[in-house]
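As structure tokens, the structure follows; a few thoughts come after it.
The values are calculated or read from the model by the stated rules, or taken from the named source; none is laboratory data. For clarity, every value in this text was computed on a predicted model and none was experimentally measured. Cβ placement follows ideal geometry from the backbone for every residue including glycine, while neighbour counts extend to all protein chains displayed. These accessible areas exclude ligands, DNA and RNA; they are computed on the full protein's heavy atoms, side chains included. Shrake-Rupley method; radii C 1.70, N 1.55, O 1.52, S 1.80 Å.
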Amino acid sequence: MNENIFTLPVTQQITPTLSERQIGQLPAIVVDHPACRAAITLQGAHLLAWQPAGEQPVIWLSGNSAYEPGTAIRGGVPICWPWFGPAGTPSHGFARNIPWELSSHTENGEGVTLTFTLTDNPQTQALWPHAFTLVARFTLGVECRIELESTGDFTTTAALHSYFRIGDIDTVAVRGLGSRYIDKVLDGAEGEHQGELVFTGRTDRVYTQPQAVSTIVDPGLNREIEVEHHHHSDVIAWNPGVALSTSMGDMTDDGYKTMVCVETGCVSTPQVSKPGEPARLATTLRVRALNQA
């Protein structure tokens with residue numbers, strides 16, 4: 001799907017490098033800049049694609065994902081807010097399922113910055129009775145930086161639920177996660193391990209003492225993806241494995257083989273937004289060839 005996004009008809013040309021297009025039933029802002037290509041749906045301010053010039057796509061999208069109003073997109077970088085996981089309904093919060101506004105855009109020779117805004121409305125108030133302003137800023141070029149800022153008076157959990165495209169889950173390793181984690185596959189049991197994470201089946205862990213940078217080492221695509229975390233307490237590592245992948249309607253049976261999630265989050269330690277003191281969460285993504293590491 002990543003490649004198809006850039007061949008969709010243009011519904012509005014915003015600037016020479018920015019256009020609005022329709023992906024299924026969802027409008028999206030598409031970036032075609034000399035430094036990178038990218039796409040973000042207005043629903044959820046959801047990054048669907050980011051690809052530096054000369055590189056393969058970095059972000060994974062499910063071939064079975066629905067692009068329908070109110071339905072979560074499988075893949076990309078969903079914004080999980082104001083809660084992570086099944087702490088409320090819908091799961092992972094409402095921010096990823098409702099339309100945002102493109103509030104500003106700038107560009108220069110190095111790339112594009114897009115800012116999306118979501119404020120409380122009757123739909124959100126019915127789910128979560130708080131006044132808020134949520135801003136997502138995407139700085140897209142050779143690197144991809146996603147910044148989330150929430151203003152109001154409340155406590156939240158959140159994550160930038162990044163799905164990355166890989167060659168083969170059986171050969172991938174993730175470094176920099178730290179040793180201590182909460183194992184969601186084992187009903188929240190605490191675990192500990194040393195060294196890098198490899199995937200031998202369904203994996204769903206919240207690492208509570210991560211390093212500032214996690215690295216996905218991917219021999220299959222001969223590259224490393226570096227995920228730098230900002231303002232976080234946790235990093236979540238997830239792959240559904242074969243059984244769960246097969247049971248998910250918005251994922252192909254073998255979808256788990258070519259994706260891994262390494263997510264910047266605040267889960268074990270909630271975020272606190274106070275008047276004049278917004279809460280922040282951010283991630284910076286970089287990609288490089290293995291032989292240049």
Rounded to the nearest 0.05, FRET efficiency between D120 and Q209 (Cβ-Cβ, R0 35 Å) equals 0.55
Segment 194-202 - phi-based ³J(HN,Hα) in whole Hz, Karplus 6.51/-1.76/1.60, Gly and Pro as x
10, x, 7, 8, 10, 10, 10, x, 4
Could you work out what % of the accessible surface of segment 3-289 is carbon and sulfur, using a 1.4 angstrom probe and leaving DNA, RNA and ligands out of the count?
48 percent
Quick one: accessible area per residue over the chain, 1.4 Å probe, rounded to a whole number of Å²?
41 Å²
Over the chain, calculate the relative contact order: mean separation of alpha carbon pairs under 8 Å at least 6 apart, over the residue count, as a percent.
16 percent
Rounded to the nearest 0.05, what FRET efficiency do A131 and D168 have when you use their Cβ-Cβ distance and R0 = 41 Å?
0.30
Tell me, what are the semi-axes, in whole angstrom and largest first, of the equivalent ellipsoid of segment 154-293 as set by the roots of 5 times the Cα gyration tensor eigenvalues?
25, 19, 15
With x for Gly and Pro, the residue-by-residue ³J(HN,Hα) of segment 258-269, computed from phi through the Karplus equation 6.51 cos²θ - 1.76 cosθ + 1.60 at θ = phi - 60° and given in whole Hz, is 10, 9, 8, 9, 10, 10, 7, x, 10, 10, 6, 10
Counting only other residues whose beta carbon sits under 15 Å from that of A282, what net charge do I get with K and R as +1, D and E as -1?
-3
Whole-Hz ³J(HN,Hα) for each residue in segment 149-165, computed from phi via Karplus 6.51 cos²θ - 1.76 cosθ + 1.60 with θ = phi - 60°, x for glycine and proline: what do you get?
9, 10, 10, x, 9, 5, 10, 9, 10, 7, 7, 9, 7, 6, 9, 10, 7
How many percent of Cα pairs in the chain exceed 27 Å?
37 percent
Express the Stokes-Einstein translational diffusion coefficient of segment 29-141 in µm² s⁻¹, to the nearest whole number, given a Kirkwood radius over alpha-carbon pairs, 10 °C and a viscosity of 1.306 mPa s.
107 µm²/s
Residue separation between N291 and H193 times 0.36 nm, minus their alpha-carbon distance, gives in nm 32.5 nm
Which cross-chain or sequence-distant (5 or more) residues have an amide H under 5 Å from the amide H of Y207, H modelled 1.01 Å from N in plane?
I182, V235, I236, A237
Note down the magnitude of the dipole of the chain about its Cα centre, charges +1 on Lys and Arg C-beta and -1 on Asp and Glu C-beta and zero elsewhere, to the nearest 20 debye.
100 debye
